[in-house]
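One structure is given here, and the rest of the page talks about it.
No lab work stands behind these numbers, since they all come straight from the coordinates. Please read these numbers as outputs of a predicted model, since none were measured by experiment. Here the Cβ positions follow ideal geometry from the backbone for every residue, glycine too, while neighbour counts run over all protein chains shown.
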Amino acid sequence: MNLKSNIYLLIFLVAITLVGCNSVTSDKNTAAILNVQDYKHYVDYFNRMEDENIAKAVPNDSAWAWMKSNIPLFECPQDNFEEMYYFRWWSLRKHITDTPQGYAITEFLVNRSYADKYNLIACALGHHIYEFRWVHDPKYIEQNVNIWYRGNEGNPMKKFHKFSSWTADALYNRYLVNKDKNYLFELYPDLVNDYKLWEEERQRPDGLFWQNDVKDGMEESLSGGRHVRNVRPTINSYMYANAEALAKIAKMKGDSEKQQYFKAKSDTLQNLVENKLWNKEAEFFETLTEKDTSSNVREAIGFIPWYFNLPAKDKGFEVAWKQIKDESGFLAPFGLTTAERRSPRFRSHGTGTCEWDGAIWPFATSQTMTAMANVLNNYSQDIVSEDDYFKQMELYVESQYYRGRPYIGEYLDETTGYWLMGDRERSRYYNHSTFNDLIITGLVGLRPRADEKIEVNPLIPQEKWDWFCLDNVLYHGDILTILWDKTGEKYNKGKGFKVFRNGKEIATSEKLEKLISK
């Protein structure tokens with residue numbers, strides 16, 4: 001790195017540090033209901049259940065100190081849900097890495113030949129941002145994002161575009177949690193330049209984007225190939241969402257011209273996805289081949305448009321969600337498959353080359369579950385219900401065990417639950433999906449908003465649990481507590497569903513239902 005680049009990077013890091021000092025944080029970071037020490041036993045167990053293969057910035061012996069300072073607390077009567085919640089925080093912090101440019105978040109703990117500097121891989125960056133937005137200390141994810149955008153002598157990392165990305169959307173949704181607009185404004189020029197670069201690299205003359213399946217992180221798919229330039233629901237939904245986010249940030253900045261500019265781009269992509277990727281006969285969003293014909297196979301990526309609320313609410317697209325309840329579709333004993341099970345080519349590529357031809361990938365599961373929560377919150381439909389959401393969350397929890405211990409890896413057999421690369425060191429603690437964001441925003445139902453109202457819509461069947469509590473949630477600079485106590489005897493705060501801000505009750509109901517504070 002030359003002297004000029006060193007100076008540029010130093011100025012940037014100082015600026016970000018100063019911005020970070022103004023981030024929305026809170027010194028009221030004490031749980032109102034739950035006792036943090038009650039959950040230390042999980043970490044003690046995780047620390048001793050297997051050897052520490054690789055220690056990074058926060059080793060196992062520091063895991064509990066990091067967690068009790070940074071994470072929301074959660075308890076419920078279903079032990080595996082609770083255990084998996086703490087396991088996923090415990091495994092997430094394993095990926096925090098010290099670098100000369102600040103903290104970085106890895107995908108694999110072991111070094112990969114195709115990674116960028118510091119063993120960084122961009123594929124799951126959107127997942128990392130969505131999950132880390134609930135961590136109290138903002139520096140981990142912020143410094144990681146800074147490296148991606150300016151860690152290459154002031155420029156984006158060389159392999160940033162090796163994979164499709166919904167980073168602008170993820171950063172805006174992080175803002176909805178911490179309300180730090182200064183950080184968004186600082187990165188805004190980088191996000192705009194990044195969008196333009198994607199247009200130059202991947203946009204077709206008709207406005208749609210193409211991508212190889214491998215560069216979606218979804219190689220050996222039924223609809224494409226590693227060298228095929230297909231129009232996929234993935235990258236087109238991502239670019240729609242990124243344009244939407246940039247329009248919203250421009251509005252926050254008071255730049256009406258750029259707001260209209262990016263809103264026009266998102267509107268165009270919405271129209272193109274609805275009209276060109278929707279297969280009317282299959283009633284599903286499907287990949288468009290290089291010959292502009294439908295791939296004629298349903299894949300989990302057809303649910304991704306709802307991850308970003310792309311499909312219009314009055315056109316009947318929600319019929320696609322019938323497929324998650326169909327055993328010939330995506331419903332399998334251990335979760336949701338990545339391709340429809342009725343396809344004659346289902347699981348036809350063998351095992352061991354990261355196939356997306358049907359096996360279950362947590363990456364896709366977490367995308368589909370985020371999308372389903374959006375359908376249940378933002379669309380009027382009678383296809384899926386909170387019972388369907390809870391059932392899939394149960395399967396997701398149950399799938400994340402290997403040889404009797406909590407485990408998160410690459411992909412698993414849909415009928416046996418066997419982790420297909422579970423004995424390979426590379427797969428251990430694979431940081432390629434979300435889980436705790438699904439607990440917070442889906443199951444418990446805290447729905448981040450740009451205004452100061454608190455909206456909570458739990459997707460837990462009314463009679464499933466008699467109690468649960470999510471506590472110590474840093475949101476808009478305050479600490480939120482969300483609890484359900486059917487009898488009033490568990491938490492001694494009265495019967496019902498309640499929301500507290502900094503220990504003060506702000507909303508209540510006798511039953512589990514949507515609450516919006518005034």
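Any chance you could get the radius of gyration and Dmax over the Cα atoms of the stretch 113-163, in Å?
Rg and Dmax of the stretch 113-163, Cα atoms, are 11.1, 33 Å.
Can you pull out the trypsin sites (Lys or Arg not before Pro) in the stretch 176-208 that DSSP calls coil and that have at most 10 other Cβ atoms within 10 Å? Walk me through the numbers on the way to the answer.
Working: sites: 179, 181, 196, 202; in loops: 179.
Answer by residue number: there is no such site.
Starting with the highest mean, order 87-93, 500-506, 455-461, 437-443 by the number of other Cβ atoms within 10 Å, averaged over the residues of each peptide. Before the final figure, lay out each step's value.
Numbers: 87-93: 23.3, 500-506: 15.3, 455-461: 20.1, 437-443: 25.6.
Taking the mean over residues of other Cβ atoms within 10 Å, the ranking is 437-443, 87-93, 455-461, 500-506.
Give the peptides 361-369, 162-170, 61-69, 44-52 in descending order of average Cβ contacts within 10 Å, highest first.
On the way: 361-369: 25.4, 162-170: 23.7, 61-69: 15.8, 44-52: 12.2.
By packing density, highest mean first, the sequence is 361-369, 162-170, 61-69, 44-52.
Given the alpha-carbon gyration tensor of the stretch 349-484, what are the semi-axes of its equivalent ellipsoid in whole angstrom, ordered largest first, with each equal to the square root of 5 times an eigenvalue?
30, 17, 15
Tell me which lysines have Cα within less than 30 Å of residue 493's Cα, excluding those fewer than 8 residues away on the same chain?
28, 40, 68, 179, 391, 453, 464, 504, 511, 514, 518
Going through the DSSP H helices of the chain, which span 15 Å or more along their own axis at the Cα atoms while scoring at least 1.6 as a mean Kyte-Doolittle hydropathy?
On the way: long enough: 3-21 (27 Å, 1.97); 79-92 (20 Å, -0.89); 139-150 (16 Å, -1.06); 167-178 (16 Å, -0.24); 181-202 (30 Å, -1.11); 233-253 (30 Å, -0.11); 256-272 (24 Å, -1.42); 362-378 (23 Å, 0.09); 386-399 (20 Å, -1.11).
Both cut-offs are met by 3-21.
Using Cα centres only, tell me the gap between the stretch 265-294 and the stretch 122-159 in whole Å.
Measuring centre to centre over Cα atoms gives 31 Å.
Determine, for each peptide in 183-192, 311-320, 216-225, the mean count of other beta carbons within 10 angstrom over its residues, then list the peptides with the highest first.
216-225, 183-192, 311-320
Would you tally the net charge around residue 290, using a Cβ to Cβ cut-off of less than 11 Å, leaving residue 290 out, and scoring K and R as +1, D and E as -1? Intermediate values should be presented prior to the final figure.
On the way: positive: 204, 229, 291; negative: 292.
Result for the neighbourhood of residue 290: +2.
What net charge is computed for the residues neighbouring residue 310, neighbours being all others with C-beta under 12 Å from the C-beta of residue 310, Lys and Arg scored +1, Asp and Glu -1? Before the final figure, lay out each step's value.
Values: positive: 313, 315; negative: 169, 244, 267, 274.
My count for the surroundings of residue 310 gives -2.
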